[in-house]
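Peer 1: Have a look at the structure that comes next, please.
The values are calculated or read from the model by the stated rules, or taken from the named source; none is laboratory data. If you're wondering where the values come from, they're calculated on a predicted model, not measured in any experiment. Glycine also receives a Cβ, built like all others from the backbone with ideal geometry; neighbour counts cover every protein chain displayed.
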Amino acid sequence: MNMNFIRKLPIPKDIKAEYPLTPELAAIKKKRDDEIRSVFEGKSDKFILVIGPCSADCEDSVLDYISRLRRVQEQVEDKIIIIPRIYTGKPRTTGDGYKGMLHQPNPTENPDLLKGIIAIRELHMRSLSETGFSCADEMLYPENYRYLDDVLSYVAIGARSVENQFHRLTSSGLDIPVGMKNPTSGDISVMMNSITAAQHSHAFIYRGWEVRSEVNPYAHAILRGYVDDRGNSFPNYHYEDLSRLADTYAARPDLKNPSVIVDTNHANSGKLYLEQIRIANEVLHCCRHNSDVKKLVKGLMIESYIEDGTQKIGEGVYGKSITDPCLGWEKTENLIYSIADQL
C-alpha cells in the first residue's frame, strides 16, 4: 500500500475512559434526546433549529457562540428546540483544503488526528457541561462515530456520503435522529433509499466486529438544494418541493416518522448566506399554507456564527467562518425570535 502508517490510534473505549461523561451529563443528554425524538415522532409540535458554524474551527469562539444560543433558547423554549452545530469534519469535493477540527485542531498547524479526536470530544463535552446543549455533528467517517456517540443528539449524513452503503448501515445502528441529505445531483430517490436503508436492520463489519444493527426509526430527509451538470445551484425548499416530498412519504407507508429538515444554506441559498433569512421565512409560510407540509417539516438547518461571512485561514477574525459563509450573531438572534413569533 502506498501509505505511511504513522501510529495506532486509541480505540473509542479508551478515549471515553480518559475523557468520561459523568452520570449527571448523561442524564442531561438523555432528556435532550427524548425531547428531540418526540418531535420526529409527532408527539411534540416544537420546531427544531440545527444551527451553528459551517465548521467548528476554534474551541473558544464556538463555545462563546453556543453560550449565546443558550440565552436565546431560554426565551423560546416553549416553541423551539435548538441543536447547536458542532461540525468537526469538513467534506471536501476535491479532497483539498481544511478538513475540520478532527484533522486539524488548530487550522494553522499540520494535521494531528490523535489531538483532533481528543479536541472534538472535549469540545462536545464542554458544550454539554457549560451550556446543557448536546449537539449535532456530521458523520463524515462512520467508524469515528463511536468517539462521540455518548454526547451527540443529532447526526447529519452529507450530500456526498448519502449514497454510501457504510454510512447507511451505520445510521441504522444509531438511536438518535439521523438526517439524510439529498445528494448534490438532487435525486430525491437516493435520499429516500438512504432513509429506507437506515430504517432496516443489517449485518455488517464495524470497527473489526461483526454487528447487527437495530432499525433507526428517526432517519429522515434533509433538503439542501442541488447542483446541475454545469455547476448551477437550484433550490428544493419551495412549496412545490415540500408538497412533493410529503406525497413521496405518503406513498411509502413502510417508512416511520415522515420528517424533513430544510437546510437554508448550501445549494438552497447558492451559498449566499443572507438568503437564509428569506428561505426560513418562506418555509414557515409554506407550513402555514398546508397542514401536510407543516406536519412533515420538523425544522431548519442554518449556518451561523458570531461574525457575518467567511475569511481565509490565518486572517484571525474571531468567530468568523473559515469555510462556508455564515450568518452573523445579531441577524441570527433576530431570526430565531422571528421564527418563534411565527410558530
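Residues checked against (1) in contact with a helix residue (DSSP H, G or I) (Cβ under 7 Å, 6 or more places away or on another chain); (2) crowded, with 23+ Cβ neighbours inside 10 Å; (3) without any contact (Cβ under 8 Å) to a residue 40 or more places away in the chain; (4) among the aromatic types (Phe, Trp, Tyr):
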{"position": "Ile222", "(1), (2), (3), (4)": "no, yes, no, no"}
{"position": "Val227", "(1), (2), (3), (4)": "yes, no, no, no"}
{"position": "Lys256", "(1), (2), (3), (4)": "no, no, no, no"}
{"position": "Ile261", "(1), (2), (3), (4)": "no, yes, no, no"}
{"position": "Arg278", "(1), (2), (3), (4)": "no, no, yes, no"}
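Peer 1: Now for a separate question. Just need a number here: residues in the stretch 68-105 that are among the aliphatic types (A, V, I, L, M) and either at pLDDT below 95 or farther than 29 Å from Leu284 by Cα (or both).
Peer 2: 2
Peer 1: Tell me which of these Gly97 doesn't satisfy, since it passes every other one: (1) buried (at least 22 other Cβ atoms within 10 Å of the Cβ); (2) farther than 22 Å from Ala340 by Cβ; (3) among the small types (Gly, Ala, Ser).
Peer 2: (1)
Peer 1: Determine if the stretch 160-180 includes at least one residue that is among the β-branched types (Val, Ile, Thr), within 19 Å of the chain's Cα centre (by Cα) and farther than 28 Å from Asp14 by Cα.
Peer 2: Checking the stretch 160-180: at least one residue is among the β-branched types (Val, Ile, Thr), within 19 Å of the chain's Cα centre (by Cα) and farther than 28 Å from Asp14 by Cα.
Peer 1: Looking at Asp241, Asp228, can you tell me which residue is modelled with pLDDT of 95 or more and of a type in the set (Asp, Glu)?
Peer 2: After ruling out the rest, the residue left standing is Asp241.
Peer 1: Those residues that are touching a strand residue (DSSP E or B) at 6+ places or on another chain (Cβ under 8 Å), outside any loop (DSSP other than H, G, I, E, B) and of a type in the set (Gly, Ala, Ser), I need them from the stretch 217-265; list them, please.
Peer 2: Passing the criteria: Ala219, Ala221, Ser233.
Peer 1: Has the stretch 302-312 got any residue that is modelled with pLDDT of 95 or more, under 30 Å from Val215 (Cα atoms) and touching a Ser or Thr at 6+ places or on another chain (Cβ under 6 Å)?
Peer 2: yes
Peer 1: Can you tell me which condition Ile81 does not meet? The list is (1) touching a helix residue (DSSP H, G or I) at 6+ places or on another chain (Cβ under 8 Å); (2) more than 26 Å from Gly158 (Cβ to Cβ), and all the others hold.
Peer 2: (2)
Peer 1: Can I ask one more? Take the residues of the stretch 308-343 that are assigned to a loop (DSSP other than H, G, I, E, B), touching a strand residue (DSSP E or B) at 6+ places or on another chain (Cβ under 8 Å) and not β-branched (Val, Ile, Thr): which is nearest to Thr88 (Cα to Cα)?
Peer 2: Looking at residues that are assigned to a loop (DSSP other than H, G, I, E, B), touching a strand residue (DSSP E or B) at 6+ places or on another chain (Cβ under 8 Å) and not β-branched (Val, Ile, Thr), I get Asp324.
Peer 1: Looking only at residues in the stretch 266-283 that are in a loop (DSSP other than H, G, I, E, B) and either within 22 Å of Ser243 (Cβ to Cβ) or among the charged types (D, E, K, R) (or both), which one is modelled with the lowest pLDDT?
Peer 2: Ranking the candidates gives Lys271 first.
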